[in-house]
Amino acid sequence: MKQSVLLLYTGGTIGMKTNDLTGGLAPFNFKQIEEEVPELKKFNINIDTYTFDPLIDSSNVKPSLWLEIANIIKQNYNKYDGFVVLHGTDTMAYSASALSFMLPNLTKPIIFTGSQIPIGVLRTDGKENLISSIEIASQKKNGVAVVPEVCIYFQNHLLRANRTTKFSAEHFNAFKSENYHPLAKAGIKIEYSTNNILPMPENTNEELQVISSMCEDVVVIDIFPGISQSILSSILNIPNVKGFIMRTFGSGNAPTDSWFIEELEKALKRGVAILNVTQCPSGSVNMELYDTGKAMSKIGIISGHDITTEAAITKMMFLLGQHLTNKQLHDKLSQSLRGEITI
Ligand code: ASP
């Protein structure tokens with residue numbers, strides 16, 4: 001039987017072509033995708049499209065769009081072997097990370113892709129990204145999906161969504177996964193690194209679960225040399241915030257001034273969660289290495305290990321949405337839920 005893939009088009013650069021009348025770039029009708037990408041006809045795959053209305057620049061993405069994507073996938077889950085989500089590159093790593101947490105028992109590939117140059121422009125990188133993403137989304141071995149997880153495919157690399165960061169605003173090679181191996185590399189053949197891919201969830205016959213509540217009461221703080229007590233205190237005292245992502249130096253270090261620890265401790269006592277994530281694109285937090293880290297670990301700051309900022313924010317939103325006890329929240333933030341951290 002022919003494989004089937006559903007293409008969800010949310011917006012972004014990839015779906016644009018030059019408007020012959022104005023000379024400007026405008027979204028094109030993805031229903032006519034085979035006219036723009038005639039190579040798709042060569043696939044022996046059934047490709048259907050779902051176009052979002054309105055199409056958006058991904059800078060406007062909100063958690064409500066993540067839920068919409070998740071629900072459309074759920075409604076069509078049994079009809080397709082895999083899903084490709086066309087999305088602007090700017091916030092793709094956030095959306096794809098969020099989906100990885102919202103779909104706990106995923107058994108089929110969801111491949112996010114986009115492009116730096118619109119698909120209707122001669123030098124586009126979009127065609128290769130799209131064609132390979134469709135191939136990966138349809139790929140099965142012994143009747144089961146080869147990549148049953150949420151991924152980003154860009155410039156010959158298939159990366160785990162919640163390990164990926166947008167790295168370049170101009171190069172075709174726009175995404176990196178510094179702390180985890182690519183799940184596949186596309187050359188003459190697409191070579192899958194099977195050992196790095198998440199295993200199938202246990203009950204593959206269960207209905208796809210969508211965990212819909214995401215809590216938006218989160219803040220990201222970047223620590224910098226010279227950060228003052230009043231600045232830190234004002235950020236930590238923003239009303240209603242339930243989770244802070246604190247981006248620290250190197251292996252999770254921050255100033256040793258006593259006021260620094262005291263401010264964090266006051267916030268923790270109010271019941272907020274603070275996750276320590278490194279500002280370094282590569283490597284991990286280790287709060288046992290230096291005195292500064294030890295002091296934070298002692299008061300209950302949680303190590304983000306080698307998590308990306310995008311995954312940290314969406315994981316925090318996801319877990320805060322589950323109304324867990326402080327202990328459960330602490331435990332889940334410290335665990336790898338979908339392969340987002342190395343522990
Ligand atoms: N601003 C665009 C977006 O993220 C950029 C892109 O698609 O690459 O929607």
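In segment 81-99, the condition of being in contact with a Lys or Arg (Cβ under 8 Å, 6 or more places away or on another chain), under 24 Å from D217 (Cα atoms) and charged (D, E, K, R) is met by at least one residue.
Yes/no matrix, rows are residues, columns are (1) in contact with a His (Cβ under 7 Å, 6 or more places away or on another chain); (2) under 21 Å from Q322 (Cα atoms); (3) surrounded by fewer than 14 Cβ atoms within 10 Å (Cβ to Cβ):
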site	(1), (2), (3)
N205	no, no, yes
M214	no, yes, no
E263	no, no, no
I274	no, yes, no
N286	no, no, no
Y290	no, no, no
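Residues in segment 97-120 that are in a loop (DSSP other than H, G, I, E, B), within 16 Å of the ligand (Cβ to nearest atom) and touching an Asp or Glu at 6+ places or on another chain (Cβ under 7 Å): S115, Q116, I117, I119, G120.
Assess whether T89 counts as being touching a Gly at 6+ places or on another chain (Cβ under 9 Å), of a type in the set (S, T, Y) and crowded, with 21+ Cβ neighbours inside 10 Å. Step through it out loud before you land on a result.
On the way: touching a Gly at 6+ places or on another chain (Cβ under 9 Å): yes; of a type in the set (S, T, Y): yes; crowded, with 21+ Cβ neighbours inside 10 Å: yes.
Considered against the rule, which asks whether it is touching a Gly at 6+ places or on another chain (Cβ under 9 Å), of a type in the set (S, T, Y) and crowded, with 21+ Cβ neighbours inside 10 Å, T89 comes out as yes.
Taking the criterion of being surrounded by 23 or more Cβ atoms within 10 Å (Cβ to Cβ) and under 21 Å from the mean Cα position of the chain (by Cα), the residues of segment 113-124 that qualify are T113, G114, S115.
Going residue by residue through segment 177-194, is there one that turns out to be buried (at least 16 other Cβ atoms within 10 Å of the Cβ) and within 13 Å of the ligand (Cβ to nearest atom)? Let's see the steps before the verdict.
Of all residues in segment 177-194, those buried (at least 16 other Cβ atoms within 10 Å of the Cβ) come to 177, 179-180, 182-184, 186, 190, 192.
In the following step, the residues that additionally are within 13 Å of the ligand (Cβ to nearest atom) were identified as none.
No, segment 177-194 contains no residue that is buried (at least 16 other Cβ atoms within 10 Å of the Cβ) and within 13 Å of the ligand (Cβ to nearest atom).
Listed by position, the strands (runs of 3 or more DSSP E) inside segment 153-265 whose residues that are over 30 Å from K74 (Cα atoms), of a type in the set (D, E) and within 24 Å of the chain's Cα centre (by Cα) number at least 1 are 218-222. The residue pairs whose first member lies in segment 212-226 and is over 15 Å from S64 (Cβ atoms), whose second member is assigned to a strand (DSSP E or B) and among the acidic types (D, E), and whose beta carbons are closer than 7 Å, counting only pairs six or more residues apart or on different chains, do not exist in this structure.
Per-residue answers, yes or no, for (1) more than 16 Å from the ligand (Cβ to nearest atom); (2) in contact with an Asp or Glu (Cβ under 8 Å, 6 or more places away or on another chain):
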{"residue": "K2", "(1), (2)": "yes, no"}
{"residue": "Y9", "(1), (2)": "no, no"}
{"residue": "T22", "(1), (2)": "yes, no"}
{"residue": "L40", "(1), (2)": "yes, yes"}
{"residue": "L55", "(1), (2)": "no, no"}
{"residue": "S64", "(1), (2)": "yes, no"}
{"residue": "H87", "(1), (2)": "no, no"}
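We did not get these values from a lab; they are worked out from the coordinates using the rules stated. Keep in mind it's a predicted model, so treat the numbers as computed, not measured. Reconstructed Cβ throughout: ideal geometry from the backbone, glycine too, with neighbour counts over all protein chains shown.
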